[in-house]
Amino acid sequence: MDLVSVKGLSKRYGGIVALSEATFSARGGEVHALLGENGAGKSTFIQILSGAVRHDGGSILVDGQDYRPANPDAAQARGIAAVFQELSLIPDLSVEQNIWFRHEPRTWLGTVNRGEMRRKTLALLERYDFPALRPDQELRRLTLAERQIVEIAKGLAKDPRILILDEATSALPAREAEWLLKLTRQLAAEGRLVIFISHRMAEVRAIADRLTIFRNGATVAAHEANAVSDNEIVTQMIGRHLDRLYPERVATATDRIALRVKGFSSGSRLSGVDFALREGEVLGVGGLQGHGQRELFQALFGATRASGAIELWGKPTSIGNPRQALTGRDGIALVPEDRRGQGLLLTKSVRENLTLSVIKRFTENGLLSRQKEAALVKAMVDFLRIKAGTPEQLAGTLSGGNQQKVIFGKMLLTEARVLLLYDPTRGVDVGTKGEIFQLMRDLAAKGYAILFHSSDMPELVHVADRVMVMRNGRIAATLEGALISEEGILGAAMLETRAA
Amino acid sequence: MSGFLARNRLIVLAYAGMVVLLLVTAMFSPGFLSVSNMRSTVVLAAFVGIVALGQTFVIIGGGIDLSVPWVLNSAAIVMALLCGGQDLPLVWVMPLLLAGGAFIGLINGVGVAQFGVPPIIMTLATNVILQGLILVLTGGSPTPSAPALIQFLSVGRLSGFPVIALIWLALTLAATLLLSKAAFGRHLYALGTSATVAEFSGVPTARTTILTYVVSGLTAAFAGMLLTGYSGQAYLGMGDAYLFTSIAAVAIGGASILGGSGHYLGTVAGAMVLTILTGLLPALNLSSGALLIVYGAVILLTVSIGSETFAGLGGRLRRKEG
């Protein structure tokens, strides 16, 4: 019998239909992937399942019994736990305090039993072979990836029969992502149901037994994973045929050096990086996470301090802050890692976000010209096909892909021809991913120089002209031509690590 | 303009509240709506409004300025001392004291933006230091009376209009221009919404922060001089009431106390609401203690009605209906 069976599920927010005809069924002991573009209704669906949101219509049966949780606690009581993209952890508490938050083991006095909590934490971490985590570490000291892992531990601490993972791998570096995939298989082997959301087809392929595809708030299909091709899946997700995810890689690099970096160092994370990025080139930056990629991008943009020499279009430059980086055509622009924390004013409009870095371009005699601003905004919204009701829509209400487009638009408006793209497709739906890759190649063809980091290795392999592999804050290897492959990147990153 | 109103529902709400309050007050105290009474209400509100101008900028930028009481008080007392009741010295005393106010703001701003001192601590410290300096300077002795020119600015009239109301109007136009029509405004809202995003977008965050405190120092010092004209002389503690009212006016005017939203046009309504309240409460024949309690409670209520919390709640309610 199905562990979960959903029929005709619907949910409206005011006039917006988030979910209209969702059906879903899954058994215990399987990994069930949930696929769909951003805004397809996946998030609403799992929010309903996890008790965060109540549905308007339709029915859910869990174990054949009617299921309508009033809140996440009620969902957990029925054995359903979720690990969400938006992290729910408390920065001031330790790892273990977060894992057992509100479910702390108690002494007979009713106080928290610290010894028991530590024992249970260690047992949990060991049982599922968690990557190294110190139970007493304060959460605010952890990286985004480590926090995601704590979030997963927190979900597992409830010993759920149904575990929902919402893009849990998107914040994880390759090795940890692999661990998580293994973990889902282990959980399924224990008879649990894992509902798995990911935008990475390779992952879905690797672990899913079955998959359900959502589009526009409704279920369009459910398949046995081995009975359907990638192409069929993508076509069903976007409702049209997507020719290919990765655009054709035409070599457009010239001999002209756009950005030359020499002896670039920053703290202990970046030590003596040298490279040259050419006009018309997409230069990939790969390697295991935490080997200086973040520091390199932030320091080049002036967001953190660094020593060493930078030349932009042949001219020595010093960049002490982002303002000195964003200097028009000869400048350098960054699409940052943290879309919501660094890239977007979520409570401001698409228009205000797009033009924030180029206010000068529509200022006359010290006063803003709304007509000129509107023209800039319209040009960018059209060029990038940003799907917003009006330019006045708040950026925070856009889907992930469209939010990322707004950040691209903001940086393109600065006219900087050296672009730093840090994981620009993270949490972005497959349709928009394709658009972003195409955009990168188009910009390169126009003479832009692009430094591109991705936590998803196939992207580097398929989009970049060359790939620099970072290791311990240095460039361990630069791969070109046929040498660019996942094995090549991992090899350079890991063999070197062993040698060190 | 309709776009502006749609985006600033809270400002509309503040003006609606002001009108309701006016009508209620008129019910309890007939004659409140008379021309002469409205005129004196506007004059009193102008002092709050002028101090709250700088406070609006600071709060939109994500900070808070607790140094207004003694910047105001210092300007008042130093002006009275330097002028000795004469008009002529005002020619240099006024620019000097405005520069002094701006300088205190500069110190606040640099402390917050460059040295990372939390705004509450930074401005509280300057406030206390100024208080100490003034006590040392005056030894507690009374100051000479205010120059006639400054009295004209604060209580005089030009063809029926209070001069200070005209000054307030001019400042309102200037502030609106800065917030809505200048790059500074865009930078300010971005800064208050997220300092990190603003920094990553190339906004001159340090310069913008410092500028808000400079404006606040300027308006507080200016208000201090005008207030001396209104009361006829400067005295210790004359700025104390303006700490609370300047912040409350901004909040009632619809700005989030956390920064990133609001407008001086809302603060203007906030200043009016606060002043009308002080006119309403005595009409209710309460003891002075009870008066303060009601005053505080009403402000708390008004601020929570005007605050983002309420906007969020309203949004939720509407969604339920829909």
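The values are calculated or read from the model by the stated rules, or taken from the named source; none is laboratory data. Everything numeric here is computed off the predicted structure, so don't read it as measured data. Cβ: placed from backbone, ideal geometry, glycine included. Neighbour counts: every protein chain shown.
Computed values, structure above
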item	result
Residues that are under 20 Å from A:Ala145 (Cβ atoms) and assigned to a helix (DSSP H, G or I), drawn from the range A:71-96	A:Val95, A:Glu96
Where B:Gln55 falls short, out of the listed (1) over 21 Å from B:Ile257 (Cα atoms); (2) in a helix (DSSP H, G or I)	(1)
Candidate set: the range B:261-286, residues that are in a loop (DSSP other than H, G, I, E, B) and at pLDDT 80 or above; chosen: the one surrounded by the fewest Cβ atoms within 10 Å (Cβ to Cβ)	B:Ser261
In the range A:438-458, the residues that are closer than 15 Å to A:Arg200 by Cα and in contact with a Pro (Cβ under 7 Å, 6 or more places away or on another chain)	A:Ser455
A:Leu398 being over 20 Å from A:Leu419 (Cβ atoms), of a type in the set (A, V, I, L, M, F, W, C), crowded, with 21+ Cβ neighbours inside 10 Å and in the same structural domain as A:Thr327 (by TED's automatic domain parsing)	yes
Residue match in the range A:313-323 (condition: β-branched (Val, Ile, Thr), modelled with pLDDT of 95 or more and farther than 30 Å from A:Met457 by Cβ)	no
Unmet criterion (only one of (1) surrounded by fewer than 18 Cβ atoms within 10 Å (Cβ to Cβ); (2) assigned to a strand (DSSP E or B)) for A:Arg102	(2)
Any hit, the range A:283-298, residues being over 18 Å from the mean Cα position of the chain (by Cα), in the same structural domain as A:His462 (by TED's automatic domain parsing) and basic (Lys, Arg)	no
Test: A:Ile359 is without any contact (Cβ under 8 Å) to a residue 12 or more places away in the chain, surrounded by 14 or more Cβ atoms within 10 Å (Cβ to Cβ) and either touching a strand residue (DSSP E or B) at 6+ places or on another chain (Cβ under 7 Å) or at the interface with chain B (Cβ under 10 Å from one of its Cβ atoms) (or both)	yes
Selection status of A:Gly427, under 25 Å from A:Ala202 (Cα atoms), surrounded by fewer than 22 Cβ atoms within 10 Å (Cβ to Cβ), of a type in the set (Gly, Ala, Ser) and touching a Gly at 6+ places or on another chain (Cβ under 9 Å)	yes
Any hit, the range A:310-322, residues being touching a residue at least 24 places away in the same chain (Cβ under 8 Å), touching a helix residue (DSSP H, G or I) at 6+ places or on another chain (Cβ under 7 Å) and on the phi > 0 side of the Ramachandran plot	yes
Residues being in contact with a Pro (Cβ under 7 Å, 6 or more places away or on another chain), buried (at least 24 other Cβ atoms within 10 Å of the Cβ) and part of a helix (DSSP H, G or I) - total across the range B:58-82	1
Close pairs (9 angstrom Cβ cut-off, 6 or more residues apart or separate chains): more than 8 Å from chain A (Cβ to nearest Cβ) in the range B:174-194, surrounded by fewer than 24 Cβ atoms within 10 Å (Cβ to Cβ) and charged (D, E, K, R) anywhere	B:Leu191/B:Glu199
Filter result (within 12 Å of chain B (Cβ to nearest Cβ) and of a type in the set (Asp, Glu)) within the range A:391-416	A:Glu392
Meets criteria (more than 14 Å from chain A (Cβ to nearest Cβ), surrounded by fewer than 16 Cβ atoms within 10 Å (Cβ to Cβ) and either modelled with pLDDT of 95 or more or within 21 Å of the chain's Cα centre (by Cα) (or both)) for B:Ile129	yes
Verdict on A:Ala444 being at pLDDT 95 or above, more than 27 Å from B:Thr193 (Cα to Cα) and outside the structural domain of A:Lys42 (by TED's automatic domain parsing)	yes
Output for the range B:195-220, where each listed residue is touching a residue at least 12 places away in the same chain (Cβ under 8 Å) and within 8 Å of chain A (Cβ to nearest Cβ)	B:Val203, B:Pro204
Filtered residues of the range B:176-235 (kept if crowded, with 22+ Cβ neighbours inside 10 Å, among the hydroxyl-bearing types (Ser, Thr, Tyr) and under 16 Å from the mean Cα position of the chain (by Cα))	B:Thr212, B:Tyr213, B:Ser216, B:Thr219
Number of positions in the range A:399-411 that are in contact (Cβ under 8 Å) with a residue 40 or more places away in the chain and either in contact with a helix residue (DSSP H, G or I) (Cβ under 7 Å, 6 or more places away or on another chain) or under 14 Å from A:Leu356 (Cβ atoms) (or both)	9
Subset tally (residues that are under 28 Å from the mean Cα position of the chain (by Cα), more than 24 Å from A:Ile197 (Cα to Cα) and without any contact (Cβ under 8 Å) to a residue 24 or more places away in the chain) for the range A:51-105	1
Strands (runs of 3 or more DSSP E) contained entirely in the range A:305-405, each with at least 3 residues that are within 18 Å of A:Leu451 (Cα to Cα)	A:307-312, A:332-335
Yes/no for A:Arg141 being under 25 Å from the mean Cα position of the chain (by Cα), basic (Lys, Arg) and at pLDDT below 90	yes
Qualifying positions in the range A:363-384 - under 18 Å from B:Leu177 (Cβ atoms) and either touching a strand residue (DSSP E or B) at 6+ places or on another chain (Cβ under 6 Å) or of a type in the set (D, E, K, R) (or both)	A:Glu364, A:Arg370, A:Lys372, A:Glu373
Residue count, the range A:305-349 (criterion: of a type in the set (A, V, I, L, M), farther than 18 Å from A:Leu412 by Cβ and away from every other protein chain (no Cβ under 14 Å))	3
Any hit, the range B:239-248, residues being more than 10 Å from every other protein chain (Cβ to nearest Cβ) and closer than 26 Å to A:Ser369 by Cα	no
Residues that are more than 18 Å from B:Ala198 (Cα to Cα) and either free of Cβ contacts under 8 Å to residues at least 40 places away in the same chain or of a type in the set (S, T, N, Q) (or both), drawn from the range A:278-304	A:Gln289, A:Gln293
